[in-house]
Amino acid sequence: MPVVVCAADSHLTAADELTLADLVGEVIIAPQHPPLELEVAGGEMPRFAPPESVADAIAIAASGVGVVIVPMSLARLHHRKDAAHRPLADGPTSSIALAWPAAPATASDAASGAFVETFIGIVRGRTANSSR
């Protein structure tokens, strides 16, 4: 799910969910290698070079200069107290795929099975305190 990351005190945080129309007039910050391909009609281009990373783009958005549109997983990964994010209802989607061996080939592969199960749980949204 795409989200809009903005400063925690931005007027955009008044809504529970945003649309592309809500972003008209906003400065749209895109890192050098954006995780989502998107053009916002009526969005403003920044007057600075694209940030090198998603983390840098989110830091700039947290300062109140503009907004960044990223998958929710990246917004959570780069969470900051001075930034907030809201779902973008009509934004682009992205897919995440995981792959792992169906059966362990060695004893060390078998031992790593617990790590694989933990990783799958995290990807599905479980936390250390949630049950399967």
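A few comments on the model shown:
- Of the residues making up segment 37-84, just one is touching a Ser or Thr at 6+ places or on another chain (Cβ under 6 Å) and at pLDDT below 95, namely P71.
- Whether a residue is in contact with a strand residue (DSSP E or B) (Cβ under 8 Å, 6 or more places away or on another chain), among the acidic types (D, E) and either within 30 Å of T118 (Cα to Cα) or in a loop (DSSP other than H, G, I, E, B) (or both) was assessed, and D90 does not pass this test.
- Residue check, V68 under 15 Å from A89 (Cβ atoms), assigned to a strand (DSSP E or B) and in contact (Cβ under 8 Å) with a residue 24 or more places away in the chain: no
So that you can scan it fast, the table gives a plain yes or no per residue for (1) closer than 17 Å to V4 by Cα; (2) free of Cβ contacts under 8 Å to residues at least 60 places away in the same chain; (3) in contact with a Lys or Arg (Cβ under 8 Å, 6 or more places away or on another chain):
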residue	(1), (2), (3)
G25	yes, yes, no
P31	yes, yes, no
F48	no, yes, no
I96	no, yes, no
A102	no, yes, no
G121	no, yes, yes
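- Restricting attention to segment 10-47, the residues being over 18 Å from the mean Cα position of the chain (by Cα), assigned to a loop (DSSP other than H, G, I, E, B) and among the acidic types (D, E) number 1.
The values are calculated or read from the model by the stated rules, or taken from the named source; none is laboratory data. Every value quoted in this text rests on a predicted model; they were computed, and no experiment measured them. Neighbour counts are summed over all protein chains in view; Cβ atoms, including those assigned to glycine, are modelled from backbone coordinates with ideal geometry.
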